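Please treat every number below as a calculation from the coordinates, not as lab data. Given the structure is predicted, the values throughout are model-derived calculations rather than measurements. Don't worry about glycine lacking a Cβ; one is built from the backbone with ideal geometry, like all the others, and counts go over all protein chains shown.
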Amino acid sequence: MSVSGVPRLSELLSPADWALIGSLASRRKYGDREIIHERGDLDQSIGIVIAGQVKLINPRSDGLEVFSGLIHTGQNYGDAALLHGEARQHRAVAIGETVIDHLESPALDRLLGNAAIARAFYIVASFRLSVSLSLLDDMRTLSPEVRLGRLIIRMHRAAEGSERLDFLQEEFAGMLGMSTVTLAKALRQLTRNGFIATGYRHIRITDPAKLATWLQEQEMA
């Protein structure tokens, strides 16, 4: 487990098992904001993020894009499409210079015969499920500014303490299931409290410790 609390395959596996995955994968590099695959694509493979990050988006018919999730370095994605023979459910976009190892079905079948590798894949998948369930719980019980603050702290820790989060406000709103108007009000509240500063296409966390303390106080209130 990473010090950030985000499980990464490279840290869950022995060097030999990690090397085995690499030997069976097809590696490709993507530029910042390059589309890795589109929603509806029939390309069925699991991707493992070796460097950079991957943003999962659900494009809507009205042209808007709903931010569905973030895949960090050392994590895998695309399990459902491959295991169930389904089309891609999201558009995947590279964040920064990104490197991905792609695993086809025969390679995955071989890897899942290794108990340690199967367990590592399960840990990463269960972590993503836990985050999704936590967001749903927050939606039912917490105010918009607290929900946004919790998301910012999660992303800050997952990014190994980076103070800058390169996301559009619409993407935060989509992930939190709130309107952009509500999101803007929550951003203003966190900014007035001195926790964050907003910039063009990004948010900067000015005082993560103060934000974390405030969130604990709000959740206990």
Given all pairs of different Cα atoms, what value in angstroms does the Kirkwood hydrodynamic radius of region 72-165 take?
15.8
Can you list which of the DSSP-assigned H helices in the chain have a Cα extent of 30 Å or more along the long axis and an average Kyte-Doolittle score of at least -0.5?
115-141
With the contact rule set at Cα under 8 Å and sequence spacing of 6 or more, what percent relative contact order holds for the chain?
21
What are the semi-axes of the equivalent ellipsoid of region 117-221, taken as the square roots of 5 times the eigenvalues of the Cα gyration tensor, listed largest first and rounded to whole Å?
23, 16, 15
Return the distance in nm (one decimal) between the two label points of a simple spin-label model at VAL181 and ARG28, each offset 7 Å from Cα along Cα→Cβ.
4.1
In nanometres, the difference between 0.36 nm per residue of separation and the alpha-carbon distance of ALA19 and ALA51 is 10.0 nm
Length gained if ARG201 through ILE35 is fully extended, taking 0.36 nm per residue and subtracting the Cα-Cα distance, is 58.0 nm
Can I get the semi-axes of the chain's equivalent ellipsoid? Compute them from the C-alpha gyration tensor as square roots of 5 times the eigenvalues, in angstrom, largest first.
32, 19, 16
Cα gyration tensor of region 9-129 - equivalent ellipsoid semi-axes, whole Å, descending
24, 15, 13
Please give the charge dipole size of the chain, origin at the Cα centre, charges +1 on K and R Cβ atoms and -1 on D and E Cβ atoms. Round to the nearest 20 debye.
440
How far is the Cα center of region 80-103 from the Cα center of region 13-79, in Å?
4
With a 10 Å cut-off between alpha carbons and a GNM built on the chain, which of GLY174, GLY74, GLY96 moves the most?
GLY96
